[in-house]
């Protein structure tokens, strides 16, 4: 709903009787006249409405439209004023804007120049924060599993706060009283425009420090601010700050406002402190209390150790009463050892005597090398004599058998045997001559050979244009194969076709012989 202060109504002029009496304006004159009228009549107004079409220009100016259920009003916030706004405008936010009405003469549009921007009631602001809290909680930024344990005694503490406020002095004073530590301050704005970005950058900057760099990396972070209104604490409710706190790998304590103040960074931090002073108390223990506790632990440890030694001594003594006298045990074992040594010496002497007697008996039975050579020579002579006798006896016996065989042979029998062998040889020669292929060639057959002299046994082995040798019984004819294959019909066998013998030349007949064969018999192959 738009609330405006109505200017005083100017007095109405009397109606003009004629159009010729009206003043004549140029467009610019009329536009600037309207501008002066608006700025004079509405130099200070408060307008309540919902932000729509919010845009931040590259120059830093803010442009938006304030609207309600019936109308809309264009608004602009210049860069210098935008940096001092207590809230970050967003679409859908219901606000109360304070400023002045002016017109943009070039477009003949009027607009509100915002000088101050407030939320329209605390309920709207809380509703916006609750919606944002639910959104971030749904992403898991507030889960207890994400929170890290704080170190017991951090060596370096990083503090993100204003360098001029009382907060940093309270923290340093409290740390000095409890347990002095090395403190690194990252100065930031804690309210107003740009405060949220600086706080988030400080948290991420501390996390980005190297472990062993020139600037020590903090073991613990404290984000602190003093008390203030809900609008003053708004930078710590921004998403950029909450996400930076949730992403921090260094344990973080939030100490924003007083004990009753709660911001969204408190949910994302690993630990919430009600005040900045309480944050310093959470960060480090009291040195005196720690020393006292350490002394008590030392005393308890010494007492426990003494008690343990006493109990152990009593237990050993109780066990020792049930054991025999160690000195007596050693004496008995020494006596038993002496007996074993005596028995071992006696057994060794007896064994040596038995081995010496055995060696003497063996030496008496052994012969000298000369005696062994003489005995071997005698045995060799006896074996030679036996071998000569056996050889002479065998020669005599086989000689007598040979004489008997020679005496039984007769000249007639030998002549008959030779005649029978000659007759059988003649018959075999005649049979072999009848099987010769030259006899087959005389009956009209031809032997086909290729250029290498290899016989060709089938028509499928002959290629067109291949040179062949046809051997007849009275000579050899050279031909070249060509044309279609000769049919197996009787007419084709009677006379050779002109296509089969494309070219032929006769050469003198010669006897077909196999290379290296000196007999008149030709090769059957």
Subject >> Kirkwood Rh and Cα Rg combined as Rg/Rh, segment 84-129 >> reply: 1.09
Subject >> Linear extension gain, residue 460 paired with residue 328, 0.36 nm per residue minus alpha-carbon span >> reply: 35.9 nm
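Is the shape of segment 25-120 rounded, prolate or oblate, going by the alpha carbon gyration tensor and its root eigenvalues a ≥ b ≥ c, with a/c under 1.5 for rounded and a/b larger than b/c for prolate?
Taking the square roots of the gyration eigenvalues as a ≥ b ≥ c, segment 25-120 is prolate.
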Subject >> residue 247 versus residue 110: modelled label distance in nm, points set 7 Å from Cα along the beta carbon direction >> reply: 4.6
Original post:
What ranking, highest mean first, results for peptides 145-156, 76-87 when packing means the other Cβ atoms within 10 Å averaged over each residue?
Top reply: 76-87, 145-156
Original post:
In whole Å, what are the Cα extents of segment 254-394 along the three principal axes, biggest one first?
Top reply: 143, 61, 22
Subject >> Share of alpha-carbon pairs per 10 Å distance bin for segment 203-247, given as whole % >> reply: 22, 42, 26, 9, 0
Original post:
What's the center-to-center distance, using Cα atoms, between segment 228-254 and segment 297-325 in Å?
Top reply: 58
Original post:
Per residue, what volume in Å³ does the Cα convex hull of segment 65-175 take up?
Top reply: 200
Subject >> Nitroxide proxy distance, nm - points 7 Å out along Cα→Cβ at residue 381 and residue 100 >> reply: 16.2
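Taking 0.36 nm per residue of separation and subtracting the Cα-Cα distance, what length does fully extending residue 22 through residue 306 add?
90.6 nm
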**OP:** Over the residues of segment 154-284, compute the C-alpha Rg and express it relative to 2.2 N^0.38 Å.
**Re:** 0.94
**OP:** Pull out the extension gain between residue 281 and residue 130, defined as 0.36 nm times the separation in residues minus the alpha carbon to alpha carbon distance; nm, one decimal.
**Re:** 51.4 nm
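A short reminder: the numbers here are calculations on the coordinates, not readings from a lab. Please read all numbers here as calculations on a predicted model, not as lab measurements. Positions of Cβ are backbone-derived with ideal geometry, glycine not excepted, and every protein chain shown enters the neighbour counts.
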